[in-house]
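Working notes, structure below.
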Amino acid sequence: LGINRIKQHESYKITLIQSDGIEAECENSDLAVNAKLYLFCEGHTSSPTTDPTKEPTGAPTTPTINPTDQPTDEPTQPTSAPTKGPTHDIVDCGEPGQDRFCVYEDIYPPVGLKDAWTHDIVLTQANTGTNVSWLIYITPKEEECIQPTLSVLYEGIDYDSPGEYMNVLDIDGSLLATCGCLPNPDNPFASCIGGTATACGVYQLCAGGLQLSKQKIGVDVTYMIGLIVSDAVDDLCFTHDLAMNATLQLTCNQDQTTLPTTDPTNEPSTSPTTPTVNPTQFPSISPTIPTSEPTQSPTYNTYQCGNGNEICIEANIFPDLDVETDFEIPIQHADINNEIIFHIYYRLGGTIECALPRLAFNYEWIDYDLQTEYIDITGYMNDEQNFYQRCQEWPINDQTCDLFSDCFTSMKLGSVQKIGFSDMYQVDIVVSDEVDALCSNNYAINSVLTLTCAAGTTP
């Protein structure tokens with residue numbers, strides 16, 4: 001209902017409007033409306049009686065004249081702890097001229113529960129004519145939230161045209177889901193796919209079971225989720241004046257007491273290690289010191305390719321046999337008033353394969369606050385696409401120089417388990433032509449692409 005609780009002695013008004021077109025057309029009744037209204041209270045400590053006494057008792061209890069001075073030897077045990085309801089505070093946290101709201105939500109996953117538990121966060125917003133950002137800060141109390149997932153439901157008020165959408169973002173700024181009007185890849189001139197308007201009172205599932213970037217949220221640890229409502233969304237329902245009416249459902253999967261290995265070994269080794277017949281009984285007095293910081297940059301060659309707006313980078317990587325290795329490539333370019341395309345080609349340069357490859361992308365928030373301002377990143381293993389991510393900025397302002405954000409970190413490359421000696425892994429980075437160089441470095445893109453290889457294997 002948009003409030004956290006109805007306190008004792010408070011009134012809460014709900015208005016039902018019956019239109020003049022409704023008539024009594026049932027043969028067994030002369031009613032034009034026959035409905036029940038249910039009010040549910042989640043955080044009550046005791047259930048009220050279903051049949052309260054309408055009249056006061058005629059024989060009220062007479063107080064004890066001489067109460068006992070000593071407490072009873074067997075005092076009555078208190079009832080179990082009352083159910084704790086969430087605290088839900090919304091504050092305007094934007095700078096002057098910005099529409100931004102911060103929601104502080106304390107949640108109480110049941111202590112000791114070995115099952116899934118879901119908490120709803122209801123957000124409503126009137127039409128402002130501007131982009132509105134919501135920052136939802138969720139803090140578990142008394143019990144951690146294990147393997148959290150997020151589902152998003154929303155009322156189909158006005159999401160049927162380009163530019164009418166809600167973006168849901170993870171704590172690192174990466175896009176979790178877009179609700180509403182999605183671009184049609186098969187027909188760029190079509191309005192959109194999946195959008196609706198004036199579906200008042202109808203809630204749609206935008207996305208369900210979204211995996212968050214953290215596998216658990218600890219007790220008293222705050223996790224932030226972002227929601228961006230575009231400025232094109234209007235209030236089209238006559239039953240209310242809302243432009244956004246959404247529910248975020250956070251689910252804690254408390255039955256997962258231990259987290260499984262994300263990449264278990266599928267098959268046992270066909271060539272087990274043969275033990276040494278006469279092993280050394282004493283350790284070496286001069287053991288080999290492992291490399292504490294393996295090479296962070298691959299050897300690579302950059303050159304102009306394709307059209308004048310395309311850059312190719314051929315990178316030779318050298319994974320380490322014993323330790324995880326990161327390979328960083330700076331991706332930078334000035335504004336050319338056109339789309340900028342990078343093609344990065346990864347190949348092995350040594351004798352160690354790249355095991356369990358993962359990607360990370362960190363970029364400066366130069367000018368990515370509109371729907372048409374973005375960075376698209378696509379990955380291909382031997383020309384077969386297995387990865388895609390769009391990076392966009394939170395709608396704070398156009399110029400956020402020197403502020404860097406992770407679009408994604410430690411992102412698995414689909415089903416790719418290794419980059420072998422005959423493999424080439426390609427990453428395409430596309431900067432939209434609407435991105436401008438608004439910072440003193442004159443870059444339209446200023447970023448770092450990182451490929452991580454786990455401890456490798458030899459052929």
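The values are calculated or read from the model by the stated rules, or taken from the named source; none is laboratory data. Small disclaimer: the values here were computed from a predicted structure and weren't measured. When the accessible area is computed, the model is the full protein with side chains, heavy atoms only, and any ligands, DNA or RNA have been set aside. Shrake-Rupley method; radii C 1.70, N 1.55, O 1.52, S 1.80 Å.
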* Asked: In square angstrom, rounded to the nearest 10, how much accessible surface does Cys237 have for a 1.4 Å probe?
  -> 10 Å²
* **Accessible surface ranking that places the most exposed of Glu27, Glu95 first, with a 1.4 angstrom probe** => Glu27, Glu95
* Step through the residues of the range 145-156 one at a time and calculate ³J(HN,Hα) from phi using the Karplus curve (6.51 cos²θ - 1.76 cosθ + 1.60, θ = phi - 60°), rounding each to whole Hz and writing x for Gly and Pro. => 9, 9, 6, x, 10, 10, 10, 10, 10, 8, 7, x
* Heavy-atom accessible area order for Met166, Met411, Met424, largest first, 1.4 Å probe -> Met411, Met424, Met166
